[in-house]
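Right, one structure below, let's go through it.
The values are calculated or read from the model by the stated rules, or taken from the named source; none is laboratory data. Values in this document were obtained by computation on a predicted structure and should not be read as measured data. Cβ placement follows ideal geometry from the backbone for every residue including glycine, while neighbour counts extend to all protein chains displayed.
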Amino acid sequence: MKIIVAIKQVPERDAQPPIAAGGRWIDDAGLGYTINEPDAYALEEALQLKEKHGGEVIALSAGPERVASALREALAKGADRAIHVRTGEDAQRDTLALARLLADAIRPESPDLVLTGLQSDDLGLGQTGVILAELLGIPHATIIMQVEVTPTGLRVKRELEDGFFQNIEMPLPALLTIQSGGNKLRYATLMGIKKARSKEMRTLEAPASAGPPALELARIYLPGKQKRTRMLTGTPAEIAAQLVEALRTEVRVL
């Protein structure tokens, strides 16, 4: 089974970057970057499937030169090879444009399975996987907790609301977006790091962005902080009634 895992490199979780002067993105000067956590779970799922059924795991990422470090980490964890779709340092692409870059890199590989994380830690849109499946013309399923290979394709377990789950049979090739927490993530071993140096990492140059983006980020800003005190007066019964009403209609916790 040939599996491609799409990986995004995002700022480290404890980073507190300031907003850039234009107000449309963060100032990333001096930031540390890491593999997007949901994508790390997608990689782990791919590696476990390979260990059970054999085949090949290919890590794929689109982004500037720094993205190569995330791909090298994927190789150190056990991916067989990597593909880097290299963009400019300042290239800003919306989800559709990014999915097109990934789809163009995936098609020549003809994989049996494409895995992505459910969403990214930085934007959290949760759109790349499903748009990618549409561009590739293959079936997809989202919020996947477990994957089982069957004689006719896959059986997957989806997480739904309120603690419910859904089991689906689907054919291959297919695309799955993996939910975090389904597996225990592995660390790159010293031997894995050494082996990664000799593994193939192919670089593809991304074409120039054509036309205006389908989605444009107009402004980012920090949440406003509010502090307000209201004094409730009256008898204990009246104060209790006012408090319940405020919790129900204003705070909306009842």
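If Lys77 satisfies every condition in (1) of a type in the set (Lys, Arg); (2) closer than 15 Å to Pro11 by Cβ; (3) surrounded by 20 or more Cβ atoms within 10 Å (Cβ to Cβ) but one, which is the exception? Lys77 satisfies all of (1) of a type in the set (Lys, Arg); (2) closer than 15 Å to Pro11 by Cβ; (3) surrounded by 20 or more Cβ atoms within 10 Å (Cβ to Cβ) except (2). Just one of (1) under 30 Å from Phe164 (Cα atoms); (2) in contact (Cβ under 8 Å) with a residue 40 or more places away in the chain; (3) small (Gly, Ala, Ser); (4) buried (at least 18 other Cβ atoms within 10 Å of the Cβ) fails for Gly126. It is (4).
Within the range 133-151, residues that are farther than 19 Å from Met1 by Cα and touching a residue at least 12 places away in the same chain (Cβ under 8 Å) reach partners that are buried (at least 16 other Cβ atoms within 10 Å of the Cβ) and aliphatic (A, V, I, L, M) with beta carbons closer than 7 Å, at six or more positions or on different chains, in the pairs Leu135/Ala99; Leu135/Ala103; Thr142/Leu118; Thr142/Val130; Ile143/Leu118. Meeting the requirement of 3 or more residues that are over 20 Å from Leu136 (Cα atoms), the strands (runs of 3 or more DSSP E) wholly within the range 149-191 are 153-159, 165-170.
Residues are listed down the side, and each one gets a yes or a no for (1) assigned to a helix (DSSP H, G or I); (2) of a type in the set (Lys, Arg); (3) loosely packed, with under 15 Cβ neighbours inside 10 Å; (4) at pLDDT below 85:
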{"position": "Asp14", "(1), (2), (3), (4)": "no, no, yes, yes"}
{"position": "Arg24", "(1), (2), (3), (4)": "no, yes, yes, yes"}
{"position": "Ala42", "(1), (2), (3), (4)": "yes, no, no, no"}
{"position": "Glu51", "(1), (2), (3), (4)": "yes, no, yes, no"}
{"position": "Ser61", "(1), (2), (3), (4)": "no, no, no, no"}
{"position": "Leu71", "(1), (2), (3), (4)": "yes, no, no, no"}
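Within the range 36-60, the set of residues being closer than 18 Å to Ser120 by Cβ, in contact with a strand residue (DSSP E or B) (Cβ under 6 Å, 6 or more places away or on another chain) and of a type outside the set (A, V, I, L, M, F, W, C) comprises Asn36, Pro38, Asp39, Tyr41, Glu45. With respect to (1) under 30 Å from Asp27 (Cα atoms); (2) of a type outside the set (A, V, I, L, M, F, W, C); (3) in contact (Cβ under 8 Å) with a residue 40 or more places away in the chain, the lone exception for Pro223 is condition (3). Flag not set for Asp122, criterion: in a helix (DSSP H, G or I) and not small (Gly, Ala, Ser). If you go through the range 1-32 and keep only what is of a type in the set (D, E, K, R), free of Cβ contacts under 8 Å to residues at least 40 places away in the same chain and out of contact with any Ser or Thr (no Cβ under 9 Å at 6 or more places or on another chain), you end up with Asp14, Asp27, Asp28.
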